[in-house]
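*Asks:* One structure, pasted below without further comment.
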Amino acid sequence: MDAFEVHNRLINDYRAFTEGFVDIRDPQIRAKVQEESGRGAQWPRPWLSLNPSFEPGGRVDELVGAGLLHPACATIFQAGDSPIMLYRHQADAVRVAATGASYVLTTGTSSGKSLAYLVPIVDRVLREGSGQGVRAIVVYPMNALANSQVEELGKFLNQDGRPPVTFERSTGQEKPEDRLRILANPPDIILTNYVMLELVLTRPDERRSLVEAAAGLQFLVLDELHTYRGRQGADVAMLVR
């Protein structure tokens, strides 16, 4: 298949389709429209870009050897049969999180931003022990992101059937029995959205269970932070406070 031939055919078909809607009688206007159509005003030029190569920050097992991560992280965070290579910004996030300081990570698409907070969270729970209440709440602007992250966490943590760090999704999509199970046995990590998190604070049963379980909360993550702006941003700011 000739990609350029397909491209030209698509453009010609689109031009014929859009120009078939109107019959321009004024000769000056018709000439101007034909001129603009001829130079491709109806579609943008092709956009070519190169993804930047992110600087490596060391494999997970190397960070384990340096004392920055719990030894179990080397077997949890693997690609195939070997520990994954972190980018420098991910490794820097691990170092900052170890100090207990807050941080904001801004980087390009497909640069593994989620690992910049998931690795430190899992490391902290491994060091201090699972089952001691909710240690991390990860807030997503959309349920689709939370659903995707549940699957990603499952790849790392459900390797042997019994995860060393427990996690649950609470976005309002859960069945009643699943919601009751979460209330009865709160996980180490909760993945939710800001609307559901506000409901947790206003519903007596959930507030009594989850808020008490989160008394030792160590991580509050706002994924896709840049999406919170205007009134929504003000709502989320008040929620965090």
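The values are calculated or read from the model by the stated rules, or taken from the named source; none is laboratory data. All values reported here derive from a predicted model rather than from experimental measurement. All Cβ positions, even for glycine, are placed from backbone atoms using ideal geometry, and neighbour counts span all protein chains on display. Surface areas here come from the heavy atoms of the whole protein model, side chains and all, with no ligands, DNA or RNA. Shrake-Rupley method; radii C 1.70, N 1.55, O 1.52, S 1.80 Å.
*Asks:* Could you tell me which trypsin sites (Lys or Arg not before Pro) in segment 172-224 are loop residues by DSSP with no more than 12 other beta carbons within 10 angstrom of their beta carbon?
*Replies:* Counting only loop positions with at most 12 other Cβ atoms within 10 Å, none of the trypsin sites (Lys or Arg not before Pro) in segment 172-224 qualifies.
*Asks:* Next up: Using the heavy atoms of the protein chains alone and a 1.4 angstrom probe, what is the accessible area of segment 1-110 per residue in square angstrom?
*Replies:* With the other protein chains kept in place, segment 1-110 gives 76 Å² per residue.
*Asks:* Just one of (1) 21.5; (2) 19.2; (3) 20.0 is Kirkwood radius over Cα pairs in Å as worked out from the coordinates here. Which one is it?
*Replies:* Label of the calculated value: (1).
*Asks:* Report for the chain the percent antiparallel among DSSP-assigned beta bridges with both residues inside it, nearest 5.
*Replies:* Of all bridge pairs located within the chain, approximately 30 percent are antiparallel.
*Asks:* Measure off, as a whole percent, the carbon and sulfur share of the 1.4 Å-probe accessible area of the chain, all protein chains present.
*Replies:* Roughly 54 percent of what the probe reaches on the chain is carbon or sulfur.
*Asks:* Starting from the Cα-Cα distance between Leu10 and Arg231, subtract it from 0.36 nm times their residue separation and give me the gain in nm to one decimal.
*Replies:* Contour length minus the Cα-Cα distance gives 75.4 nm.
*Asks:* Using +1 at the Cβ of each Lys and Arg and -1 at the Cβ of each Asp and Glu in the chain, identify which of Phe54, Met196, Ala79 lies farthest towards the dipole's positive end.
*Replies:* Most positive-ward Cα: Met196.
*Asks:* For Lys113, which lysines qualify as cross-link partners when the Cα separation must be under 21 Å and same-chain residues fewer than eight apart are set aside?
*Replies:* Correct list for Lys113: Lys155.
*Asks:* What are the ³J(HN,Hα) values, in whole Hz, obtained from phi via the Karplus relation 6.51 cos²θ - 1.76 cosθ + 1.60 with θ = phi - 60°, for each residue of segment 205-219 in sequence order, with x given for Gly and Pro?
*Replies:* Each residue of segment 205-219 in turn: 5, 6, 4, 4, 7, 6, 5, 5, 5, 9, 4, x, 4, 10, 10 Hz.
*Asks:* If I ignore ligands, DNA and RNA and count only protein heavy atoms, how much of Ser49 is accessible to a 1.4 Å probe, in Å² to the nearest 10?
*Replies:* Here the accessible area works out near 80 Å².
*Asks:* Can I ask one more? Rolling a 1.4 angstrom probe over the protein chains, ignoring ligands and nucleic acids, what is the accessible area of Leu220 in square angstrom, nearest 10?
*Replies:* For Leu220, the solvent-accessible surface is approximately 80 Å².
*Asks:* Still on this structure: Where nothing but the Cβ of Lys and Arg (+1) and of Asp and Glu (-1) is charged, how large is the charge dipole of the chain around its Cα centre, in debye to the nearest 20?
*Replies:* 520
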